[in-house]
Every structure is written in C-alpha cells, then in structure tokens.
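One structure coming up, written as structure tokens, with questions to follow.
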Amino acid sequence: MSFVIKCMDCGHTAPYFPTSTNCPRCNSQWREAEYDYDTLAKTLPLQLPGRSFDLWRYRELLPVRNPNATLSLGEGGSPLIQAVNLGMMLGTPKLFIKDERQGPTGSFKDRQAAVTVAALKEAGITEMVAASTGNVAISYSAYASRAGIKLWAFVTSLVPAMKMREIALYGSQVVKVTGSYDQAKQIASEFARQRNLYQDLGARTITSIEAMKTIAFEIAEQLTAIQGPASSNGKDRAIWRTPDWYVQAISGGMGPLGVYKGFRELKQMELVDRIPAIAAIQADGCAPMVHSFKQGLETAIPVNTPKTRIETLATGDPGRSYTLLRERILETKGTFESVTDEEAFRAMHALAKMEGISVESAAGTAFAGLFKLIRAGVIKPTDTIVVNCTGHTMPAEEFILGNNWTRDIEFPAKKQETPEDGLLAALNQIAPNRFPRVAIVDDTAEARRLIRRILQSQGDFTIFEAASGKEGLSLIRRELPDLIILDLMMPEMDGFAVMDALRADQKTAEIPVIVATAKELTPEEKNRLGAQIQSLMQKGDFLNDEFLEEVKTLIK
Ligand SMILES: *Cc1c(COP(=O)(O)O)cnc(C)c1O
Ligand SMILES: [Zn+2]
C-alpha cells in the first residue's frame, strides 16, 4: 500500500513515521495521510467482499504497512442498529445507531488505539504518553499491553475512579492531574518532550484520524446493505449510501474530523456521491465550539473552567480542531449544538428504556442533541440519521438514576411460617396484586409496542392490546380497563366509531380515553371528538413526560 503524509498548510509531502510530527518544510503539525485513490477506486470494491467486517477490512486505506493480527482485539465492525422505538417517538423512522459500545474496551477510542498501537509497533516504539478524559487511556492501555508498549496515562482527577483503576489494571502508569483536561495535556506534553517519548496529539495524530474514518466506511456499507444502493454511477458500479446526518458528541472533535475524511475519500473513489451533514454536540458547561460557531468565529474562544459532570467531553480548548471542524460543518450544512447535563442524563435514560442500549453520559449527549435538533426542525422527519453511540455506561452514577430504583425484599425469618409463605409475603411487598389496567387499541404493531414500552418503563400496569377497532371494542367490554389509549386512524372501524360505541354503553361510557394519533386533526374531527377525549397525544410527542403525567392523572 502506498500513501504519503501531506501538510495541510504548505502541501509538502513526506513518508510516514509515527514520531515525526511536524512538516519538514514549514513545521506545521497539521498533516494528513493521502492514498492513491484512483487505483484504490478500481481495486478495493473487488477485494472487500471476501473480507471480514472489522476495521482492517479497509487496510489499504490505513497507515499501517503490515497489520499484525496478533495485536487485534476485534476492533471495528460495530453493528448499525435501527432505533425503531426511538425513531417512532421522534417521528424520524430512519434513525440508526452506530453501536461503538461494542468495541473491545467499550468506546470508539478502540479504533484509534488499535491503529496507533499497530503503527507504533511496526515502527519499533516501546513507550508512549497520552493525556485522556478516560476512554483514550483505557483503550490505549489495552492495546499497549498486547503490544508490549509502556503507556504513561495522564488523566484529570475528575475521571471516575473505576476508569482509573481499569487503566492501572492493564499495567499502565496512571498520572492523576488535579486540574482541567487541558492542563493534563500540557503536563503530558512536557513530560513526553523531556523524555523524548511518543505522544498522542489527538486530531494531529495521523493514526487517530485515519482510524476514525473507518466509521464512515462501515456506515456507508451497512446502510447500503439495509437500504439498497443509492444509485449506479453509470460505470457498472453501485453507489453506496450516505446518511443525511452523522450525529456525535464531541470533546476535541477527532471523531467527526475522521468521519468526514472517510466520506471524502469514499467520494474521491466515487463510492458515494456526497458527504453527510455533521451535527457535533457539546455539553453546555464546556461548549467552546458551539459558542464560537454561533458567534460566527473561525477561531474558538476556550472555556478555561469546564462546568459539566460529563468529564469525557471536557476539552475546554479545542485549538485548530475547531477551525477545521467548522469548515467541514459549514461545507456539509451541518451544525454545532449543545445540551445541558440533565438533558443528556434524560436521553441516556430514554435510550436505555426504549432501545435496551445503555450508554455513558457522553453518548447520551449526542442523543439529547439529536432530540433538540429534531424539535428545532433542523433534522427532518424523512432524513436518514446515524448517531454514534460512542461509549458504554461506566457505572450509572446515582445522580443519573435518581432514587427509588430498587424494591427491597426482606426475607422473613419467623420459624412458624413455611418458607413458601414467607416467599409469597415477600413477593407481595414488591408489587401489589392489581395494577391499573390499560387497553391499547392501535392497528400498527410498532405503535402498540412503543406505548407498552413507555408504560412499562415508568410504572406497573396490566396492559391489553387490540389491533383493530372491532377487536378493541370487545376487549374493552370484556376487561373494563381503567384507561384506553386509542388510535384514530384504523381501517374498517376507526377510533371515532369506537368512541361512539363506548359512549353509547353505560358500562364503558366513563372510561377515560387518550387519543394517540400521528395525524393533525382537522377542526371538524376535533369537533367530533369534542369533550369526549381526555387528551390528544401526537405520536411524536411521547418523549415528553406529559404523556405519562396524563396517564397517571386519568388513572387515579
Ligand atoms: C472521546 C469521546 C467522545 C468525544 O470524541 P471526539 O470526537 O474526540 O471529540 C465522545 N464520547 C465518548 C464516549 C468518548 O470517549
Ligand atoms: Zn508544511
């Protein structure tokens, strides 16, 4: 494989060596790998079908000459999961999650560590330095241990103790810096300079950007498999799919810079016809890029004292990464957005409850940003959206979960009772025998599942389902539920007709009804429903706590 390192400032090209970090002509540290795209455009599509789906699938586009299989931990090749429930709640059915939690150490930093450590090993380097908000050091530690490389990990004291211990467990030296992440980086730099050690320089590290771009390659291939090819380029070859949006929570912005480069290379090889809009999300308490972008600045104003509990995202001074990312985001008609810590925690909760995906608060930030951008109309209902689920839950902290999340059983020790009696009594403490009874009448299975899921995740209900108006009516007459959640648009007997029948029968006339509908009602229809309905929920509105509040009031 042939590639060169090209200076972004003066265009000078040089061969790659990991420890040479500056352009030999102008001394710039901002350089990137450039490959022979014309040749690869012809050869790569023929080679891919026989290869396994992992990061090394694209080895001709990575700065490692001979990938060493014995260093691999199975990096890359993460699934692209359709978020059906969340997509319905948000009214964006083409919503996908790139599940980077499934990397070997649980975050997308595993790509960066796998490629960098492979390149270092190839160059004979045995000691390195990295500053980290946690996950980079964990990933590097895992790969460094396999490669026989010693890692000095500089982390801020805000990094959770569990993460620090994991770094130490891999045999790395943890250096705890009481200060901000930017300060930890400064100290790490000085340490590396004095000892002449290799140092990870974030977005200026060739291997980091190159590793992150494999996310783009995978998304394009996976979306093509799901949605079919975008078109044909007239040269007897299919064009791969590009999502409309790539959404990611950012700290230094390395991920989206890499993903952008990945799509750009695919475009250069005519494998895709466009680059997605990038939405980069920060935490409000540390959002230098968002604030600078909104003020139209080309250079970021740093945040000196980040005020967020999401320490993974606490890069206060993004430096030139911001300027580059801003250019890319303007070019792709993307955006920068920020969310509060609370919004991120709530999004984490929603994602876990609705999709069974438990993420760390940094990844929750991306989802909170997604919710915000959809609500603002920036991301459209018809868009194909890929959210990078960057990292797995590292202890779900108490402040995220709140109180009252367990029900405790105390096993009675009294002798006169048989053990079974004791167990039954104990189980009765967990939940009463009778739960509020709710009937869901909706002709689409996904909608029923979604409503069931929302109810289940928030409390105890006995839930009945009916898939048509007729079925619903007989169900309601039989079970006499405490509440009915009714769809309006159903074939044969629609919701209006169900409602009329319920009102005509004194046994069912008083049961409260929540109308759940995806459609805007005409004034006429509203009139027809009149005072009968208790509440009207647009299907896209379910994320708000309103729906549950409504359910709770009606059931009392
Ligand atoms: C590092 C990290 C981010 C931010 O990544 P950048 O692209 O470097 O800004 C987001 N989420 C998680 C889980 C991370 O570890
Ligand atoms: Zn140069």
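The values are calculated or read from the model by the stated rules, or taken from the named source; none is laboratory data. Keep in mind the model is a prediction, meaning the values are calculated, not measured. No Cβ is skipped: glycine too gets one built from the backbone with ideal geometry, and neighbour counts run over all protein chains shown. We work out accessible area using only protein heavy atoms, side chains counted, and drop any ligands, DNA or RNA first. Shrake-Rupley method; radii C 1.70, N 1.55, O 1.52, S 1.80 Å.
Taking GLU397, is it at pLDDT below 95, over 34 Å from the mean Cα position of the chain (by Cα) and of a type in the set (Asp, Glu)?
For GLU397, the condition - at pLDDT below 95, over 34 Å from the mean Cα position of the chain (by Cα) and of a type in the set (Asp, Glu) - is not met.
So ARG59 ticks every box in (1) touching a Pro at 6+ places or on another chain (Cβ under 9 Å); (2) within 16 Å of PHE217 (Cα to Cα); (3) assigned to a loop (DSSP other than H, G, I, E, B) but one. Which box is left unticked?
Answer for ARG59: the failing condition is (3).
Conditions tested, residue by residue: (1) within 16 Å of ligand 1 (Cβ to nearest atom); (2) crowded, with 17+ Cβ neighbours inside 10 Å; (3) modelled with pLDDT of 95 or more.
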position: ALA14; (1), (2), (3): no, no, yes
position: ALA33; (1), (2), (3): no, yes, yes
position: ALA69; (1), (2), (3): no, no, no
position: GLU75; (1), (2), (3): yes, yes, yes
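Can you tell me which residue in the range 91-112 is farthest from PRO63 (Cα to Cα), limited to those that are assigned to a helix (DSSP H, G or I) and out of contact with any strand residue (DSSP E or B) (no Cβ under 9 Å at 6 or more places or on another chain)?
ASP110
Moving on to the next point. Just name the residue that is farthest from ligand 1 (Cβ to nearest atom) out of those in the range 134-155 that are open to solvent by 10 Å² or more (accessible area, probe 1.4 Å) and touching a strand residue (DSSP E or B) at 6+ places or on another chain (Cβ under 7 Å).
Among those residues, the one meeting the criterion is LYS150.
If you take the residues in the range 122-133 that are open to solvent by 10 Å² or more (accessible area, probe 1.4 Å) and not hydrophobic (A, V, I, L, M, F, W, C), which one is nearest to ASP200 (Cα to Cα)?
Only one residue tops the list, namely GLU127.
Taking the options GLY74, GLY50, name whichever one is under 25 Å from VAL386 (Cα atoms), out of contact with any Lys or Arg (no Cβ under 6 Å at 6 or more places or on another chain) and either in contact (Cβ under 8 Å) with a residue 24 or more places away in the chain or not aliphatic (A, V, I, L, M) (or both).
Unique residue meeting the criteria: GLY74.
Quick one: THR305 ticks every box in (1) open to solvent by 60 Å² or more (accessible area, probe 1.4 Å); (2) touching a helix residue (DSSP H, G or I) at 6+ places or on another chain (Cβ under 9 Å); (3) hydroxyl-bearing (Ser, Thr, Tyr) bar one, so which box is it?
Among (1) open to solvent by 60 Å² or more (accessible area, probe 1.4 Å); (2) touching a helix residue (DSSP H, G or I) at 6+ places or on another chain (Cβ under 9 Å); (3) hydroxyl-bearing (Ser, Thr, Tyr), the lone unmet condition for THR305 is (2).
Here are the criteria: (1) open to solvent by less than 70 Å² (accessible area, probe 1.4 Å); (2) touching a strand residue (DSSP E or B) at 6+ places or on another chain (Cβ under 7 Å); (3) modelled with pLDDT of 95 or more; (4) more than 16 Å from ligand 1 (Cβ to nearest atom). Tell me which single one TYR58 does not satisfy.
If we test TYR58 against (1) open to solvent by less than 70 Å² (accessible area, probe 1.4 Å); (2) touching a strand residue (DSSP E or B) at 6+ places or on another chain (Cβ under 7 Å); (3) modelled with pLDDT of 95 or more; (4) more than 16 Å from ligand 1 (Cβ to nearest atom), just (2) comes out false.
Just to verify a result, which residue in the range 105-154, among those that are among the β-branched types (Val, Ile, Thr) and closer than 20 Å to GLU360 by Cβ, is nearest to ligand 2 (Cβ to nearest atom)?
Out of the qualifying residues, it is VAL136.
Taking the condition in a helix (DSSP H, G or I) and either open to solvent by 50 Å² or more (accessible area, probe 1.4 Å) or within 16 Å of ligand 1 (Cβ to nearest atom) (or both), does ALA119 pass?
Answer is no for this residue.
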